[in-house]
Amino acid sequence: MELRQLKYFVAVAEELHFGRAAEKLHVSQPALSQQIQLLEDEIGVELFIKVQRTQFRRVALTEAGNAFLNEAKHILDISNKAIETARRVGKQQKEITLGIYRMMIRTRVVEIMKVFAINFPEIEVKLVELPTFLAVQDALNNESIDLGITLLPLKHNNLIETPFKTGYLKVMLSENHPLAQAENLRLAQLKNEKWIEINKSLHTVFEDIEQMCRKAGFSRESFIVQEVSSIELLGGLVSLGVGIAFVPSFYDASRVQGVVCKALVNADGSPFLEVAIAQAMCYKASKVSTIFQDLSALVKDL
């Protein structure tokens, strides 16, 4: 039995007319009739009522034909899904879309792409820039991208995460700032500073930062002099002395001229770890594949 014969049978059963079915399938009517006959011979039963067709020029299914129709449709459906899955997997092995959020540090993107290129040179990774880390998660959920780099936590429970970078807070200042020579900084020292900040809509830990400042006895709300949409612009304004800023500890500021970064510590000098910023590589659970798992594992220790 061939899938072609099942397709022919379903077409005739749905059209109840050999001529229309042949036209729909782009085959000749004699060829169609021959394949239906071969199918009936193999099964050993008639699928169409012969008397109806020969005497009244009407096509009607036998009881066996009706039963076989449901099973034939099921087999064809399974076959189509198998083909789609194979095509999708094959395409994934050659081309993968990777979503990143606009605020993501560009050097990190280049570093990840380099690791992918070295380990999987046969795979073309296409970058898709999205406005926020939450937009990356939404794109994964609606399957418009294959992989995504986002910040935790995840808002969709059908996403699989591989955390690869957790940072805390450090303070970026102009190299001419009075505190630029300090070894590290405590929150209390920042009470009266002017701040450059990422737009709240793009910020993952804005409220956490505000809460920690209030615990330290001050609020930054009236001291934020400029909101920006990229960490590169934030660094540029800090270098001009417009204000200071909190940045993730994994941010490499060595390429930003005119700024210094200082570790944030508690009153006893221990590292300040109250606010964490976690990055992760994610993909949708229903699209899990070996290649996605392998690519995610590559960035785990970056």
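Estimated from the Cβ-Cβ distance and a Förster radius of 25 angstrom, the FRET efficiency linking Q211 and R102 is about 0.50. In whole percents, the pair-distance distribution calculated for region 127-269 from its alpha-carbon pairs, binned every 10 Å from zero, is 10, 38, 32, 16, 4. Answer rounded, prolate or oblate for region 199-283, using the Cα gyration tensor with square roots of eigenvalues a ≥ b ≥ c: rounded when a/c is under 1.5, else prolate when a/b is larger than b/c, else oblate. Here region 199-283 falls in the rounded category.
Once you compute Rg and the Kirkwood Rh from C-alpha atoms, what is the Rg to Rh ratio for the chain? Provide the component values of the computation, followed by the final result.
On the way: Rg = 31.5 Å, Rh = 24.2 Å.
Ratio value, two decimals: 1.30.
Counting only lysines at least 8 places from K24 when in the same chain, those with an alpha carbon closer than 29 Å to its own are K7, K50, K73, K81. Would you mind telling me the share, in percent, of accessible area of region 239-301 contributed by carbon and sulfur at probe 1.4 angstrom? Reported share for carbon and sulfur atoms: 50 percent.
Compare A245, A22, A139 in a GNM of the chain, Cα atoms joined below 10 Å, and give the one with the largest fluctuation. Residue with maximal mean-square fluctuation among A245, A22, A139: A22.
Cross-link reach is defined here as a Cα-Cα straight distance under 19 Å, omitting same-chain residues fewer than 8 places apart; for K114 the lysines meeting it are K94, K126, K165, K300. Run the accessible area of region 67-201 with a 1.4 Å probe and give the carbon-and-sulfur part as a rounded percent. Carbon and sulfur atoms account for 51 percent of the accessible area of region 67-201.
Accessible surface calculations at 1.4 Å, restricted to protein heavy atoms, place region 238-291 at 44 Å² per residue.
By the rule of a C-alpha distance below 27 Å, with chain neighbours fewer than 8 residues away ignored, the lysines paired with K194 are K170, K215, K262.
Full-extension gain between N142 and N192, please, as 0.36 nm times their residue separation minus the C-alpha to C-alpha distance. Walk me through the numbers on the way to the answer.
Details: separation 50, 0.36 × 50 = 18.00 nm, distance 4.48 nm.
Residue separation times 0.36 nm, minus the Cα-Cα distance, leaves 13.5 nm.
Length gained on full extension, N199 to Q181, computed as 0.36 nm times the residue gap minus the Cα-Cα distance: 3.6 nm.
More than 18 Å apart: what percent of Cα pairs in region 167-241 qualify? List each step's numbers first, then the result.
Details: 1143 of 2775 pairs.
Summing the P(r) of region 167-241 above 18 Å gives 41 percent of all pairs.
The values are calculated or read from the model by the stated rules, or taken from the named source; none is laboratory data. Just so it is clear, the structure is predicted and the values come from calculations on it, not from any experiment. Here the Cβ is made from the backbone with ideal geometry for all residues, glycine too, and neighbour counts use every protein chain on show. Side chains are part of the model used for accessible areas, which takes the heavy atoms of the whole protein and leaves out ligands, DNA and RNA. Shrake-Rupley method; radii C 1.70, N 1.55, O 1.52, S 1.80 Å.
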